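To start, the structure under review is shown below, and the notes come after it.
Since every read-out is calculated from the coordinates, none of them should be taken as a lab result. The shown structure was predicted, so the numbers you read here are calculated from the model rather than taken from an experiment. Glycine also receives a Cβ, built like all others from the backbone with ideal geometry; neighbour counts cover every protein chain displayed.
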Amino acid sequence: MRADVASGELTAATALWRRLRQERAAAATLVLAVATPVAAARYLAHRIHDRLEPALTRALGVDAHVGGFEAGLTGNVTVAELRIGDLLSADAVEAAVSLDSLLAGELTPDEIRVTHPRLRAVADRDGREVWRQVLARLAARRSHGGTGGAGRRLRRIVVSGGDLVADVRGVRVRAGDVELHPSGHGVRIVTGAVTMAAAGNGWHLDGALTRVGADVRLPELAVERAAMVGGTATFDLGGPAMALRDLTVVGGGDRGWRLTGTVDDAGAPRPFAAALAADAGARRLAIAGERVPLAVLAPVSGALTLGDARASGQIALALDRGLWLRGALELVGARLEHPAVADAPVDLDGAITVAAHRTGDRVELERLTLRRGAATTELAGWLRWGGHGPTAGALDVAVPDARCRDLLDAVPAALRGHLDAMVVRGTIGGHAHATLDLDAELGDGVHLDLDLDNRCEVVADPPEVDPRRLAGVVEHRFPDGTRAAVGPGIGDWVTLATLPAHVRGALVAAEDARFWDHAGFDLAQIARSLEIDLREDRLARGGSTISQQLVKNAFLHQRRTLARKLEEAVLTWRLEAVLPKTTILERYLNVIELGPGVYGLAAAARHWFGCAPAQLTVRQVAFLAALTPAPRTISARLAAGHKLDPDTAQRIDVVLRAMRRAGVIDASTAHAAAGAPLEFRPAALGR
C-alpha cells in the first residue's frame, strides 16, 4: 500500500515538474518572441541611424536616408522610405534571408523586394552623371572585397507593389514585373510590359514593349545581350506621326543592334529594318525599308513636300575617321517647292544610288546615279570646303545615250514648261567636266568642258516659243509688262545694215564677245561668271549670251528659276539652229532694255542723246552698252545726281577696252572716246 502511494506521489511530482518545465519553456519562448524583435529593433535602430546611413553615404558618395524599419524572426528586414540622393527612392526595401542561410550562419539575403521604386539618372549642373559615379564606387568596393564576407550570392531583386519608374537622360521608362538577377559582372534584367517616352527640341517619342530581357555589365551599364519583343512606337517632329508596329530589337555588345518591324501606312504595314553597330571607334547605321512613308519628316524637310512620299531601298552611314554614305533608294510622291526652282511643285520620283564620304574638309563623291524614267545621269567628283564655301573641286557628269524624247520626259513636268509640246526624235548623250580652284589666279579658277553628241531632231517646235517667229513681226512682251508688235518695218525697227560698225559692235563686245563664234552658249564666260560668284559669295555676274538674253526677253518670264534656265537652254539651241546670227543680233538690238521704259536701240539713242542710232558716237554707244547689266538702277542713279556718276563712267571705260580688244575700234579711237564729253538730254537726267 505504502509502495503504491509512494509510486503515485512520484508520478504526480514528475508530472508537476514536467508541467512546470513546459510552462517555463513557454514563458521563455514568449519572452524571446517579444524581446527578440524589440531587442533587434533597438539594435537595428542604433545600427541604421547611427551607422547604416553614414556608411551608405560614404559607400555611395551621395546622401542616403532611411525613414524606418521592421525586423522579423524569419530573417526578413524591411527598410521604409529609402532615399539615395536624388537618384533612387522607394517606399520600402525588404531583404529576405532564407532558413538555410540562417542555419548556415549567413545573413546575406537571397532576395530583395523593392516597393514603388523611382529612379532618376540625370547629369548635375557641372555635366557629371552622378549615377555613373555611384556604380563605379560600388564596383570598386565589390572588387576589393567590400561586400562584407563570403555570404551566399544574391539571387534576384524583385520590384513589387508597382512598376519601376526611371528617368534616364530625359527618357522616362515605366516597367512592370521587373526582376533583376545579379551575376558575376553585372545583372540580368527581365521585365513584363515596358512603356517609354522621350522628347527633345521639336520631337517626341512614345513606345511600348511586351517583354524585355537584357544582360547588363556594371558599372559601365553596357548591354551585352538584349531582346525586346512586341514593340509599338509613335514618333513625330511636330507634324504627322510615324506609327511603328511589331517591333523586335535584339543585339548588344560587339554584335550591335538590329531592329525590325513595320511602319503603319494608312493601315498597310510597310516592313523596315535598321542595324546599328560600333566597334574600334567606328559607328555604323543601316536602314532598309519598302515604301516607307516619309510624312514624319515633313516639319524638317524645308522645301521638300513629303506628305505623300514613300521611300524604298537601303541606306548606310558610317563614322570611321570621317563620314561614309552608301545607299540605293527609290522615291515616290516627294515634291520640291521653291520659288528659285519653279512656279509649281516639282515631283522628284526616281531612283538614286550614292556612294560618298567626307574626311576633314574634303567631300568625295565616288558615285551618284540618278534614274528617272528611261534616262540616267551619273556624277562623280570631289569638293574641298574653306571658311566661307567651296575652294577646290572637280565634277564629272555623264549622260549615257538616250532617246531625246525619253530624256525630255525624264525632266519633271514643272520644269519642262513650253518644252512639253516639243516633238523630237533621235538620240543624245554626252559628258561634262568642271574643275574649281579658287587659289589660282582670277580667271583661271573655274574650267568647264562639254562633249555633247546631240543627234536630236526637232520635228515640231512649240507654237508659242517657235524661234522662227523672231524673223518676222511678233507681239513682244517687255519686262515692264507692256506689249507691242515688233519686227521689220514696224515703228523704230533698226536694221543691222544701217548701223556703223562701232554701234553694232559695242553691245556685242560688252555683252557677248564670242557671239559670232559660239553656238549659243559660251562656256568660258559661264566659267568666269561662276568663279566670280564663288569668290564674292553672291550672284555678282551673269554669263548669258546675246542669244540666251533674246530667248529670255522674247519668250520667258524674267524671274531667275531653274525651270526658266532649262527652257532658255533648249530654246537657245533651237534659236541658233534655225536663225542666222545677223537676225538674232538685229532682233536683240531692237528689244533690249536701255533705260526706264526704254526698249530698243532707236528709242535709247533718242531718249539719252536725241539722235538716231546711226549718229551715235563711240562714247555714246559705249554708255548704252554700259547700261545693259542694270538699266533701271543706273538710270535712277544718273537722275538722282543729274549727271554721270563715277561708277558709270568707270563702266564706260570697261566697255571701251572691250571694244578695243574685240577689234571694234582701234587704240587711238578708244583713247579719244575715253576723253570725249558725254552730253545727255536734260529730260533723261530728270532736269
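When VAL458, VAL465, VAL446 are checked against the criterion of being surrounded by 17 or more Cβ atoms within 10 Å (Cβ to Cβ), under 35 Å from the mean Cα position of the chain (by Cα) and of a type in the set (Val, Ile, Thr), a single residue qualifies: VAL446. Within the range 633-668, count every residue that is in contact (Cβ under 8 Å) with a residue 60 or more places away in the chain, under 17 Å from LEU616 (Cβ atoms) and either assigned to a helix (DSSP H, G or I) or in contact with a Phe, Trp or Tyr (Cβ under 6 Å, 6 or more places away or on another chain) (or both). Looking only at that region, the number is 3.
Just need a number here: residues in the range 469-496 that are part of a loop (DSSP other than H, G, I, E, B), touching a strand residue (DSSP E or B) at 6+ places or on another chain (Cβ under 7 Å) and among the small types (Gly, Ala, Ser). So the count comes out to 1. For the range 231-245, the set of residues classified as of a type outside the set (A, V, I, L, M), free of Cβ contacts under 8 Å to residues at least 40 places away in the same chain and either outside any strand (DSSP E or B) or surrounded by 15 or more Cβ atoms within 10 Å (Cβ to Cβ) (or both) consists of GLY231, THR232, THR234, listed by residue number. Pairing residues of the range 299-310 that are part of a loop (DSSP other than H, G, I, E, B) with residues that are among the acidic types (Asp, Glu), at Cβ distances under 9 Å and at least 6 apart in sequence or on separate chains, gives ALA303/GLU337.
Counting the residues of the range 587-612 that are in a helix (DSSP H, G or I) and buried (at least 23 other Cβ atoms within 10 Å of the Cβ) gives 8.
Whenever a residue of the range 336-362 is under 23 Å from LEU562 (Cβ atoms), its partners that are crowded, with 17+ Cβ neighbours inside 10 Å and among the basic types (Lys, Arg), lying with C-beta atoms within less than 6 angstrom and at least six residues away or across chains, give the pairs PRO345/ARG335; ASP347/ARG335; GLY350/ARG372.
Residues that are touching a Gly at 6+ places or on another chain (Cβ under 7 Å) and closer than 16 Å to ALA274 by Cα within the range 220-247 comprise ALA226, ALA227, GLY231, THR232, ALA233, LEU244, ARG245, ASP246, LEU247, listed in sequence order.
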